[in-house]
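These notes are about the structure you will find just below.
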Amino acid sequence: MVFDTQAGAPLGDPAFAAVTERLARVQDDIRATCEQVGRDSESVTIIAVTKFHPPELVRHLHSLGLRDFGESRHPESRDKTQATRDLEGLRWHFIGQLQTNKARHVVAYANCIHSVDRIALVDALVSALAQRPVDAPLELFVQLSLREDAGRGGVADRDLEQLVEAIAQHDSLRLRGIMAVAPLGEEPDVAFARARAASLRVQALMPGASDLSIGMSGDYRSALSQGATHLRIGAAITGPRPVRA
Ligand SMILES: *Cc1c(COP(=O)(O)O)cnc(C)c1O
């Protein structure tokens, strides 16, 4: 039995209908914002963040054309990727903080990791990848902390180049760019402008690494105006997350 968010009601058609509407609204909004800021909305990837939600929601969003999904916690993420294995073209983005001892598990199902923020994690990913048949390099983003105190995930600005150089040494990794979360209480435009500036420093070292994974439900318009290529959107599409004990 699958349960919906607040009430513990079965996740039936009305809940899916609401998700369909929310997604359409977000997509319209992204198109309108791109037009305003002179960007092509085709250059923007929506990553639907489905953490805490059941696999049926992934199926529903897949039926509406979404292919990129974001999860932040192992083993919930592993279970959901397994439960949706039959869906075509799914791409899983791991967006949560990642412990080195989980790296091996996560590379088994993630197509892209957005939260690489320290050299120890780069090393753990590389040795995990060495133990599996090499098909394509693992895609990743460096998570940059936009806070003064880089405590809660994300590399400090002054350590960015060193981390990028560590990644550049490995053929099994492909750096796409920078990921960041706007700090609470700061104007997202101002915070994301710092991410954009940092992106130029990354590109000076690795010209291909020009993507920007910035923007969530509350600030994706601002992120688009600052050049976001990947939006990680949860609640604005899925509705409120279920509360987990
Ligand atoms: C949960 C989460 C999101 C999505 O947040 P919403 O506010 O629901 O859009 C985006 N990025 C990260 C890193 C997250 O953990």
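Things worth noting here:
- Among (1) farther than 26 Å from ALA130 by Cβ; (2) within 15 Å of the ligand (Cβ to nearest atom) - the single one GLU187 does not satisfy: (2)
- Test set (1) open to solvent by less than 10 Å² (accessible area, probe 1.4 Å); (2) assigned to a helix (DSSP H, G or I) - VAL126 fails condition number: (1)
- Scan segment 198-242 for residues that are part of a loop (DSSP other than H, G, I, E, B), touching a strand residue (DSSP E or B) at 6+ places or on another chain (Cβ under 7 Å) and more than 15 Å from the ligand (Cβ to nearest atom) and the total you get is 4.
- Residues located in segment 188-217, provided they are open to solvent by 50 Å² or more (accessible area, probe 1.4 Å) and either in contact (Cβ under 8 Å) with a residue 24 or more places away in the chain or farther than 17 Å from ARG147 by Cβ (or both): ASP189, ARG194, ARG196, LEU200, ARG201, GLN203, ALA204, LEU205, PRO207, GLY208, SER210, MET216
- All of THR100, THR84 fail the test of being β-branched (Val, Ile, Thr) and under 15 Å from ASP68 (Cα atoms), apart from THR84.
- Conditions (1) under 15 Å from the mean Cα position of the chain (by Cα); (2) among the small types (Gly, Ala, Ser); (3) under 17 Å from LEU173 (Cα atoms); (4) surrounded by fewer than 23 Cβ atoms within 10 Å (Cβ to Cβ): number failed by ALA110: (4)
Okay, residues lined up against (1) farther than 26 Å from LEU160 by Cα; (2) within 15 Å of the chain's Cα centre (by Cα); (3) surrounded by fewer than 20 Cβ atoms within 10 Å (Cβ to Cβ):
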| position | (1), (2), (3) |
| --- | --- |
| GLY38 | yes, no, yes |
| GLY70 | no, yes, no |
| LYS80 | yes, no, no |
| PHE94 | no, yes, no |
| VAL122 | no, no, no |
| PRO133 | yes, no, yes |
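- Residue match in segment 52-63 (condition: outside any helix (DSSP H, G or I) and touching a Pro at 6+ places or on another chain (Cβ under 6 Å)): yes
The values are calculated or read from the model by the stated rules, or taken from the named source; none is laboratory data. Every value quoted in this text rests on a predicted model; they were computed, and no experiment measured them. When we count neighbours, we look across all protein chains shown, and the Cβ atoms used for this are built from the backbone with ideal geometry, even at glycine. Accessible surface is based on the protein model in full, side chains and every heavy atom, while ligands, DNA and RNA are left aside. Shrake-Rupley method; radii C 1.70, N 1.55, O 1.52, S 1.80 Å.
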